[in-house]
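To start, the structure under review is shown below, and the notes come after it.
The values are calculated or read from the model by the stated rules, or taken from the named source; none is laboratory data. Since the model is a prediction, treat every value here as computed from it, not as a measurement. Reconstructed Cβ throughout: ideal geometry from the backbone, glycine too, with neighbour counts over all protein chains shown. Areas reflect the complete protein model, heavy atoms only, side chains present, ligands, DNA and RNA absent. Shrake-Rupley method; radii C 1.70, N 1.55, O 1.52, S 1.80 Å.
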Amino acid sequence: MGKILIVDDTLFMRTLLKNILFSGGHTIVGEAGDGEEAVAKYQELKPDLVTMDVVMPKQNGIEALKAIKALDPAARVVMCTAVGQEQMVKLAIKSGAKGYIVKPFQAPKVLEEVKNVLAA
Amino acid sequence: MPLKEVPVKIEYNNQWIVTKLGLAEDRIVIPAPVNREILFKTVTDVEERKNILIITAKTDVEAKYKILSVEKVLQVLKKLILALCNAYRLKAYFMSPAIRGGVLVKDAKWEEGSVVVVLSGIWFSSGVKQICVPVVDVAAIELTKRDVQAKPTDVIRIDHLESGEVVSSFVLCPLSTLQVLYNFLKETTKGMDMKGTELDSIDQQVAMLVYSGMDSHAIENMLNIPPKQLDAIYDKILKLGLAEVVIVRREIQLTTKGVRYISDATKAQTN
């Protein structure tokens, strides 16, 4: 089980992920609504894993991922993308993301991906 | 003369009988006691349920044949029937499954083969693989773009439900053909289409939470809505045929007798 930071610009998606991850026994240490806030919260909370939305205001998920990896090369970041954003997934993996989940989420798949990334 | 014989069981008079199907260039020959010949061009539908292949052939009357066999034999049969049956068929590249339950399938790759549309389903058929997407399970069909050899390329995405999971497949062929296939698939699955205005934003959020596996209690808490409102939204979703009732739960409250029982039981434990 891990300490997780959830990054998404919509409250609905954050709440949904929070419920799914909590039901899987994980601890939600924080939430962020944009990329800049995500980087700040990462430094402050030092989570085991970050779920990162791709399309967000201020700083998008890819930029935030790069910033977090610059701070901590061992950071575990799972990208949350919509169907049709596969090119974003490739870019994210190149930038150091450890996994990805595609919206809309299904709880078992989210938990499986998080478990795999935490175990790696 | 049959070119090849394959061992199968076939349903005849509500019983499975062991036999050998003869496979000729233009037909399947079923020996006695069934004594039938199925011309490939009369086959209008092919379905697969576990390891049973159901073939519908139509001449003057419609006949269904249920064939049971090992995967290797069924693969030979499927490949042959799909190549020659009466269906909408085109050469294409396909990737199926490409995304399962929201996660990209590892090692998914483009395969060269055919897309064959029969009455009950869309088949992806290649030399080594035959995958069926039943029309009733199709959740979405979309013309979209996908990176193929690092170039954004027009493809058709077909989403279908499989054991409660959304599985996406992609089809790639020349754009003009893609448009024809897209129109044909949209027409085939027209019964599943919705206007898009049936649900308001709260209803859509509820539907998405149901999709994500949340139960009623979690949905009420997340959206901060009372049970009655959620019930009304459920009714709307059910009426539109977007969901089905899986379980009916009850909330109960103790009577005076119940409260007394619990009080006594607690006293007995603490004494």
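Quick one: grab the alpha carbon gyration tensor of the range B:195-271, order the square roots of its eigenvalues as a ≥ b ≥ c, and give me rounded if a/c is under 1.5, else prolate or oblate depending on whether a/b is larger than b/c.
prolate
To the nearest 10 Å², what's residue B:198's accessible area with a 1.4 Å probe?
50
Got a sec? Which residues of the range B:139-153 lose 40 Å² or more of accessible surface with every protein chain in place, vs. that chain alone, 1.4 Å probe?
For the range B:139-153, once contacts with the other chains are taken into account, B:147 lose 40 Å² or more.
Per residue, how many Å² of accessible area does the range B:88-192 show with a 1.4 Å probe?
47
Do any trypsin sites (Lys or Arg not before Pro) in the range B:45-99 lie in a DSSP loop with no more than 15 other beta carbon atoms within 10 Å, and if so, which?
Here the sparse-neighbourhood loop sites are B:50.
Using the Cα centre of the protein assembly as shown as the reference point, and only Cβ charges (+1 on K/R, -1 on D/E), how large is the resulting charge dipole? Debye, rounded to the nearest 20.
Here the protein assembly as shown has a charge dipole of around 860 debye.
Under a point-charge model restricted to the Cβ atoms of Lys and Arg (+1) and Asp and Glu (-1), what is the dipole moment magnitude of the range B:111-187 relative to its Cα centre, in debye to the nearest 20?
Using Cβ point charges on Lys, Arg, Asp and Glu, the range B:111-187 gives about 220 debye.
Of B:194, A:38, B:44, which is farthest towards the positive pole of the protein assembly as shown's charge dipole, taken about the Cα centre with +1 and -1 on the beta-carbons of Lys, Arg and Asp, Glu respectively?
B:44
Using 0.36 nm per residue of separation minus the Cα-Cα distance, give me the extension gain between residue B:183 and residue B:229 in nm, one decimal.
Taking 0.36 nm per residue and subtracting the Cα distance, the gain is 12.7 nm.
Towards the positive end of the charge dipole of chain B, with charges on Cβ (+1 Lys, Arg; -1 Asp, Glu), say which of B:153, B:252, B:22 has the farthest Cα.
B:22
Residue A:42 accessible area, nearest 10 Å², 1.4 Å probe?
Rounded to the nearest 10, the figure is 10 Å².
Just read off the accessible area of residue B:208 with the full protein assembly in place, 1.4 Å probe, to the nearest 10 Å².
60
Given axes a ≥ b ≥ c from the Cα gyration tensor, I'd like to know whether the range B:134-184 is rounded (a/c under 1.5), prolate (a/b larger than b/c) or oblate.
Oblate, because a/c is 1.5 or more while a/b does not exceed b/c.
Determine, from the Cβ-Cβ distance of residue B:52 and residue A:58 and an R0 of 56 Å, the FRET efficiency 1/(1 + (r/R0)^6), rounded to the nearest 0.05.
0.50
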